[in-house]
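Undergrad: The structure under discussion is supplied below as structure tokens; questions concerning it will follow.
The values are calculated or read from the model by the stated rules, or taken from the named source; none is laboratory data. In this text, all values refer to a predicted model and were calculated from it rather than measured experimentally. Neighbour counts are summed over all protein chains in view; Cβ atoms, including those assigned to glycine, are modelled from backbone coordinates with ideal geometry.
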Number of protein chains: 2
Amino acid sequence: MRIDHDLAFMLQFENVAWFEDGVVKILDRRIYPIRTEYVVCETYKDVVKAIQDMVTQSGGPYLAASMAMVLAAYQTRDMSREDCLVFMEQAAYDITHARPTTSSRMRKIAYDALDVVKTQMWNTNDELVEFVKAFAIDEVSQRYARIEKIGMQLAEKVPHDGTIMTQCFAETVVGMICRHLKTLGNENVKFICPETRPYLQGARLTASVICDMGFDVHVITDNMPGYILKEKKVDLFTSASDMITLDGHIVNKVGTFQIAALCHYHKIPYYVTGTPSNTHKTMDTVKIEERNPEEVLSHLGTKVTMDGVQAYYPAFDVTPPSLCSGVITEKGIFSPYDLESYFKD
Amino acid sequence: MRIDHDLAFMLQFENVAWFEDGVVKILDRRIYPIRTEYVVCETYKDVVKAIQDMVTQSGGPYLAASMAMVLAAYQTRDMSREDCLVFMEQAAYDITHARPTTSSRMRKIAYDALDVVKTQMWNTNDELVEFVKAFAIDEVSQRYARIEKIGMQLAEKVPHDGTIMTQCFAETVVGMICRHLKTLGNENVKFICPETRPYLQGARLTASVICDMGFDVHVITDNMPGYILKEKKVDLFTSASDMITLDGHIVNKVGTFQIAALCHYHKIPYYVTGTPSNTHKTMDTVKIEERNPEEVLSHLGTKVTMDGVQAYYPAFDVTPPSLCSGVITEKGIFSPYDLESYFKD
């Protein structure tokens, strides 16, 4: 049984990024579920461009990267073995550098795939493609398995028939929570998803995954969490993380901090999921990215403000450890003040 | 000099609601400033319908109501004096009941205008129309003068070159703050306006007024105030109020509470503007209106969520007195714990 069994439509491998019949198809998360469309890539460079264009986001680029290596292997079908290796080296390099902020994880995936090409015994291009695709599936399966452990621990924190508030899109974690809640017989849990402007990951992605998996889900606008946390008796708040510094500061989609602070006000626990960083000991080495402010001034591509009105668009915010109840990892739940323990074996 | 002098475009009487040449023109705030369009009303019933359809909002309906009475007077131009009085009585009744939640203030305006018809000495329809229009202008001028006193006190609380965060659209208060800041020589004050989903009053209306009046203004999405309050060193937060109970609870556009709580976290003062209620002593007698949740699921009319996803849409939230630094009224600044003093003379 594949590890994406019984997960929502958009978490199934084929609907993230998938090589088949000589192309990689990537679900266009920029517009899903308003429209369900795939970007079809005929070369690995098309995949690199799709990643750069944010066709997929969150965990999506990692599967897109390994599937791009499968497509690159397919592109070598009329090449000599020597030319093939040169081409694959270049592909691994290009894929690694698709996006600056994720290059270390992208590098690992692309170069591990390259190792398959170099070390496996293959005779035909079909065999090569099959080997690299097996690697890609194995790689994403390991990631899903790690996330499953996180989702299971989080699901166990949810009271019977309880209510969870989310933030942005925690990707596979959301699906794994839902799948495990069902296993626990807690299928009447309710979810509340702030919409997460300007890209609406909460309304479009998180709510779709939860709805697909059969749970009750309500979207709210981003000005409502403070009131709704109390009014709808939310039991816990959870978010993923783009970065957790070793001293317990959480960098995540803007809005996470304010919901965490409001949970603190209302005495509701906040659990973050993710992996502590060993390279960023404190926030001193982390820079918060500012994005194109035009996106704040627009809704679905239409500008809503008068000319001359400006905007701020900090992509992320920082939640201090004092506002976090626990860091849920595949190795267990850690206090945000004790993340060194994560690295002890 | 008219009291709306030097105010932003949309605060000038002609661009709120205005009788001229036999029609009332109302600026369509539902779409401004994406498009600058007026709804043209040929009968007072068209004005009632425009008020019901939310063409204008906040303080707009009050001027629309008095101008509707001017239009009603104009509609009696071929009637006998007796028929005219019957017609005007009906108009006052219909205008009073345009919207349930504002009927007491609407009643006062409509019936005061009716008194003009009944008590003033007029011979021709032109004279009658002129008298009622003079009443309408006088009525709105008194309201603007009251608000000017509030705006002046608020402007005096702003540090030199300081930064103000707003919420939703405090209407004329915003214009009066800006006008008085200029008088004080504090014209480099910066404003930050959360967009205020789902209707975007912050992005569309507040930011337009401030921009029009020549101040630096940045819009942010509603998930950013917590982070931006600290990052951009906001000096004070202010909002209007739909209701202030006598025991100091503030009912206002959803989002006010959470920004107030985040100000408390960051030790930034929150000033509310408005009039304490003598009829609602506590929140026990106040019901928070829930609106059509479809509006939360849509952006500029396009639904962004999967079928099956639901939404909550509490129109207002409640900020407790512990999160409010002062209630600014035309009579001065009161502690939210001492609103009885407002009613002492």
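Undergrad: Does segment A:195-245 hold any residues that are closer than 22 Å to A:PRO320 by Cβ and among the β-branched types (Val, Ile, Thr), and which are they?
TA: Of everything in segment A:195-245, those that are closer than 22 Å to A:PRO320 by Cβ and among the β-branched types (Val, Ile, Thr) turn out to be A:THR196, A:VAL234, A:THR238, A:ILE244, A:THR245.
Undergrad: In segment B:254-273, how many are surrounded by fewer than 23 Cβ atoms within 10 Å (Cβ to Cβ) and closer than 26 Å to B:TYR144 by Cβ?
TA: Qualifying residue count, segment B:254-273: 2.
Undergrad: For segment B:275-284, name all the residues that are touching a residue at least 12 places away in the same chain (Cβ under 8 Å) and surrounded by fewer than 21 Cβ atoms within 10 Å (Cβ to Cβ).
TA: B:THR275, B:SER277, B:ASN278, B:HIS280, B:LYS281, B:THR282, B:MET283
Undergrad: Hey, which of the strands (runs of 3 or more DSSP E) in segment B:196-266, taking only ones fully inside, have at least 3 residues that are in contact with a Phe, Trp or Tyr (Cβ under 7 Å, 6 or more places away or on another chain) and more than 7 Å from chain A (Cβ to nearest Cβ)?
TA: Because the criterion is at least 3 residues that are in contact with a Phe, Trp or Tyr (Cβ under 7 Å, 6 or more places away or on another chain) and more than 7 Å from chain A (Cβ to nearest Cβ), the strands (runs of 3 or more DSSP E) in segment B:196-266 that meet it are B:236-239, B:250-253.
Undergrad: A follow-up question, please. Kindly provide the set of residues from segment A:200-239 that are touching a Lys or Arg at 6+ places or on another chain (Cβ under 8 Å) and aromatic (Phe, Trp, Tyr), ordered by number.
TA: A:PHE215
Undergrad: Looking at segment A:191-207, is at least one residue assigned by TED's automatic domain parsing to the domain that holds A:VAL251, farther than 29 Å from B:ASP222 by Cα and acidic (Asp, Glu)?
TA: no
Undergrad: Being over 21 Å from B:ASP6 (Cβ atoms) and either touching a residue at least 40 places away in the same chain (Cβ under 8 Å) or among the small types (Gly, Ala, Ser) (or both) narrows it down to one of B:ILE228, B:ILE210, B:ILE220, so name that one.
TA: B:ILE228
Undergrad: Considering (1) within 24 Å of A:PRO314 (Cα to Cα); (2) within 14 Å of chain A (Cβ to nearest Cβ), say which one B:GLY162 fails and leave the rest.
TA: Only one criterion is unmet by B:GLY162, namely (2).
Undergrad: Name the one entry in B:ASP126, B:ASP112 that is without any contact (Cβ under 8 Å) to a residue 60 or more places away in the chain, part of a helix (DSSP H, G or I), surrounded by fewer than 15 Cβ atoms within 10 Å (Cβ to Cβ) and in the same structural domain as B:GLU20 (by TED's automatic domain parsing).
TA: B:ASP126
Undergrad: Then there is this: Please go through (1) of a type in the set (A, V, I, L, M, F, W, C); (2) touching a Leu at 6+ places or on another chain (Cβ under 9 Å); (3) closer than 30 Å to B:TYR199 by Cβ for A:ALA315 and return the number of the only condition it doesn't satisfy.
TA: Result: A:ALA315 passes all but (2).
Undergrad: Can you tell me which residue is nearest to B:GLY59 (Cα to Cα) among those in segment B:115-155 that are of a type in the set (Lys, Arg) and touching a Leu at 6+ places or on another chain (Cβ under 9 Å)?
TA: B:ARG143
Undergrad: Please go through segment A:172-191 and pick out each residue that is surrounded by fewer than 19 Cβ atoms within 10 Å (Cβ to Cβ) and of a type in the set (Val, Ile, Thr).
TA: Result: A:THR183, single match.
Undergrad: To continue, here is another question. Going by the conditions given, is B:THR302 more than 10 Å from chain A (Cβ to nearest Cβ), surrounded by fewer than 19 Cβ atoms within 10 Å (Cβ to Cβ) and touching a Leu at 6+ places or on another chain (Cβ under 8 Å)?
TA: So B:THR302 does not fit the description; no.
Undergrad: Does A:VAL132 count as of a type in the set (Val, Ile, Thr), over 21 Å from A:ASP242 (Cβ atoms), surrounded by 24 or more Cβ atoms within 10 Å (Cβ to Cβ) and facing chain B (nearest Cβ under 9 Å)?
TA: When the stated conditions are applied, A:VAL132 does not pass them.
Undergrad: Here's another thing I want to ask about it. Going by the conditions given, is A:ALA50 in contact with a helix residue (DSSP H, G or I) (Cβ under 8 Å, 6 or more places away or on another chain) and within 19 Å of A:ALA134 (Cα to Cα)?
TA: Answer is no for this residue.
Undergrad: If the requirement is being under 23 Å from B:GLN201 (Cβ atoms) and touching a strand residue (DSSP E or B) at 6+ places or on another chain (Cβ under 6 Å), which of these qualifies: B:LEU181, B:LEU154?
TA: B:LEU154
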